[in-house]
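Please read the structure below before turning to the comments.
The values are calculated or read from the model by the stated rules, or taken from the named source; none is laboratory data. The structure presented is a predicted model; accordingly, all values stated were derived computationally and were not measured. Because the Cβ atoms are built from the backbone with ideal geometry, glycine has one as well, and the counts that use them run over all protein chains shown. When the accessible area is computed, the model is the full protein with side chains, heavy atoms only, and any ligands, DNA or RNA have been set aside. Shrake-Rupley method; radii C 1.70, N 1.55, O 1.52, S 1.80 Å.
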Amino acid sequence: FNFISAVGFILISFMLYGDPVEKPLIGKVMEGSPAESAGLLAGDSVSAINGQPVDSWMKMMTMIREGSGGPLSLVIDRQGLSQEIVVTPELKEIPQLTGDPEKHYLIGIGAPSGGDWVEHREIGFIAACVESMRWTWELTLLTYRGLWQMVTGNISAKEIAGPIFIFGETYRQAQ
């Protein structure tokens, strides 16, 4: 019942507000990173990588992380002007929830803060049903992974947050 209820609430959210999609907007550029060396700036919007259109933050990050490691040609929009910037990613190890590191190609950019980089795209009923089930499934798996990490001791009890922290973080994100 909890799973079905979650699917229902997320479905209602999709139908009322649409599908939240993060724009491929660079929020920050890490010091000493390939992105900084190539001349990328916070506020740049990426529209294509190696000639392939980019319409979301997730698609942009997937294309960078799962690339070959060779130079990437990014078409960016900076203050209304389109330009091409070439950046070569670095292979880095990123710790996962399981505690094991995974290797990914990174260029040293971060997402923007605040909600102005998220747009809500209209979504049909069938697509909303599919997405609400996918979201609920992914969040359920994430919950079980977190619980498993607590049982195995890979996550400290100090890292567990209660309702007051969650409310405070929700308020901070809403701001």
The correct count of residues that are under 16 Å from residue 41 (Cα atoms) and either surrounded by fewer than 10 Cβ atoms within 10 Å (Cβ to Cβ) or of a type in the set (Gly, Ala, Ser) (or both) in the stretch 62-95 is 6
How many residues does the stretch 146-161 hold that are modelled with pLDDT of 70 or more and small (Gly, Ala, Ser)? 2
How many residues of the stretch 16-28 are over 25 Å from residue 80 (Cβ atoms) and open to solvent by 90 Å² or more (accessible area, probe 1.4 Å)? The answer is 2
Residue by residue through the stretch 43-61, note down the ones that are within 15 Å of residue 111 (Cα to Cα) and loosely packed, with under 13 Cβ neighbours inside 10 Å. 58
Within the stretch 29-36, is even one residue surrounded by fewer than 15 Cβ atoms within 10 Å (Cβ to Cβ) and in contact with a His (Cβ under 9 Å, 6 or more places away or on another chain)? no
Residues being part of a strand (DSSP E or B), hydrophobic (A, V, I, L, M, F, W, C) and within 15 Å of residue 116 (Cα to Cα) - total across the stretch 17-46: 2
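Do we find a residue being hydroxyl-bearing (Ser, Thr, Tyr), open to solvent by 50 Å² or more (accessible area, probe 1.4 Å) and out of contact with any Phe, Trp or Tyr (no Cβ under 8 Å at 6 or more places or on another chain) anywhere in the stretch 110-121?
Scanning the stretch 110-121, I find at least one residue that is hydroxyl-bearing (Ser, Thr, Tyr), open to solvent by 50 Å² or more (accessible area, probe 1.4 Å) and out of contact with any Phe, Trp or Tyr (no Cβ under 8 Å at 6 or more places or on another chain), so the answer is yes.
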Subset of the stretch 122-145, residues surrounded by 11 or more Cβ atoms within 10 Å (Cβ to Cβ) and in contact (Cβ under 8 Å) with a residue 60 or more places away in the chain, comes to 122, 123, 127, 128, 129, 131, 132, 133, 135, 136, 139, 140
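Among the residues of the stretch 72-84, are any outside any strand (DSSP E or B) and of a type in the set (A, V, I, L, M)?
No, the conditions are met nowhere in the stretch 72-84.
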From 36, 102, which residue is of a type in the set (Asp, Glu) and without any contact (Cβ under 8 Å) to a residue 40 or more places away in the chain? 102
Yes or no: the stretch 17-27 includes at least one residue that is of a type outside the set (Ser, Thr, Tyr), touching a residue at least 40 places away in the same chain (Cβ under 8 Å) and out of contact with any strand residue (DSSP E or B) (no Cβ under 9 Å at 6 or more places or on another chain). no
